[in-house]
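Report on one structure; see the data block that follows.
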Amino acid sequence: MQPVLRPIGTVRSRLTRLDDCPKNGDEGAPEAWIDILPEFAAGLDTLEAGQELTLVTWLHLADRDTLAVHPRGDTSRPMRGVFNTRSPARPNPLGLHDVRLLGTAPGSDGMVRLLVAPLEALHGTPVVDIKTSLSQRRDTGWGDGVPLREAETVRRLCHTAWQRGLLSGFNGNVSLRLGATCLVTCTGAAKGDLSPGDLAVVDIASGKRIAGGKPSSELAMHLEVYRRQPRAQAIVHTHPPRLLALGLRVAPQQMLHIDVYEAQMLVSRLGSAPAHAPGTQALADAVGEAAVTREAVWMERHGLVCWGETPMQALALGEELEHLAGIHLSVL
């Protein structure tokens, strides 16, 4: 008997071209709707917003005759058999997508719509199954309502920033967008060694804490960036020592104005906010406004905020700016 797949729904996404689709969900994939057909709606019973799910899709545009690929399409890497990759090209192109359920809504003709994120699948992709994530079935260790995968991402990000000297002790804060919410470090958390209780989930629109501990005192700043800059998927606020030293010696509009090609490219991505007191709404508004047109915002007498479409983009931009600040200081 030949197996028969019955699609249970369809992806509705702003990703309409294969070239626009990230390789993985955590590489800047957007929110998306899943339209579930009426005859399968009963299978959604007891699903709740906040749950982690694994979507199984049928990658209908994939090449089913390919058995070897260059990983991630990088021709500089040796070919591999497709069963040793996550390439969509394979005899039976099933896609596995780890997502978070953000909410539900009624659809037309008796359908039920699920809002999920992040999802790298193309608009129109058939969905063939939904399963609760393995992490949903065990205690994540980070507390009720704090997602395991994203918590581990923040932990690694903070530890890397600490290793590179961009964070020290309890200073700075980091967040990830989770659809309509964000995961943010808590006040008093040592960023080099995050542990359970050091993360909170907050609703972006209202600022209400949903899960976890007490959010960072700079929460308002993160929320304003997310509200005003839809491309921001991660925010890293650091206190880089060279940039701070440079900020004491030159005006914000002169920072990194040196005859180095990298500086000339990056300075256009750096904005500034005046010296408002940390944790105030005035500072949050100033940073949020600057973040509309700049990926990095220098806060006078305070530190640096970088946003990115991935966590590493945000961190790497901050690291590059700190490196250039060291060069600028050496020639003053």
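Sorted by packing (mean other beta-carbon atoms within 10 Å per residue), highest first, where do 312-323, 19-30 land? Display every interim value, and only then the final one.
Working: 312-323: 20.8, 19-30: 16.6.
Packing proxy ranking, top to bottom: 312-323, 19-30.
Got the relative contact order for the range 16-141 handy, in percent, Cα pairs under 8 Å and 6 or more residues apart? Mind dumping the intermediate values first?
On the way: 236 pairs, mean separation 49.4, N = 126.
Relative contact order comes out at 39 percent.
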Calculated FRET value between Arg12 and Arg64, using beta carbons and R₀ = 25 Å, to 0.05: 0.55
Pull out the extension gain between Thr85 and Lys23, defined as 0.36 nm times the separation in residues minus the alpha carbon to alpha carbon distance; nm, one decimal. 21.1 nm
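In debye, nearest 20, what is the charge dipole magnitude of the range 195-332 about its Cα centre with +1 on Lys and Arg Cβ and -1 on Asp and Glu Cβ, if you could check?
Working: 11 positive and 14 negative charges, 65 e Å.
Result for the range 195-332 is approximately 320 debye, rounded to the nearest 20.
Take each of the peptides 231-243, 205-217, average the number of other beta-carbon atoms within 10 Å over its residues, and list them starting from the highest. Write out the running numbers ahead of the final one.
Numbers: 231-243: 23.3, 205-217: 16.4.
Sorting 231-243, 205-217 by mean packing, highest first, produces 231-243, 205-217.
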Give me, ordered by chain and number, the residues 5 or more places off Gly9 or on other chains with an amide H under 5 Å from its own placed amide H. Leu37, Val127
Bridge orientation stat for the range 181-332 from DSSP, antiparallel percent rounded to 5, came to 80
With +1 on each Lys and Arg Cβ and -1 on each Asp and Glu Cβ, how big is the dipole of the range 29-142 about its Cα centre, in debye rounded to the nearest 20? 540
Going residue by residue through the range 85-100, the Karplus relation 6.51 cos²θ - 1.76 cosθ + 1.60 with θ = phi - 60° gives ³J(HN,Hα) values, rounded to whole Hz and with x marking Gly or Pro, of 9, 10, 4, x, 7, 5, x, 10, x, 8, x, 10, 9, 7, 9, 10
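Using DSSP to define loop residues, name the trypsin sites (Lys or Arg not before Pro) in the range 101-197 whose beta-carbon has at most 12 other beta-carbon atoms within 10 Å. If you can, show how the numbers build up before the last one.
Working: sites: Arg113, Lys131, Arg137, Arg138, Arg149, Arg155, Arg156, Arg164, Arg177, Lys191; in loops: Arg138, Arg164.
Answer in residue order: Arg138.
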Calculated [θ] (222 nm, deg cm²/dmol) that DSSP helices of n ≥ 4 give over the chain, each run adding -39,500 (n - 2.57): -6500 deg cm²/dmol
Among bridges DSSP assigns within the chain, what percent are antiparallel (round to 5)? 95
Mind grabbing the base-10 log of I(q)/I(0) for the chain at q = 0.16 Å⁻¹? Debye formula, identical points on the C-alpha positions, no solvent, two decimal places. -1.31
If you place +1 on the Cβ of every Lys and Arg, -1 on the Cβ of every Asp and Glu, and leave all else neutral, what size is the dipole of the chain about its Cα centre, to the nearest 20 Debye? 280
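Just so you know, all these numbers are worked out from the coordinates, no wet-lab data involved. Quick caveat, the model's predicted, so the values are computed rather than measured. Glycine also receives a Cβ, built like all others from the backbone with ideal geometry; neighbour counts cover every protein chain displayed.
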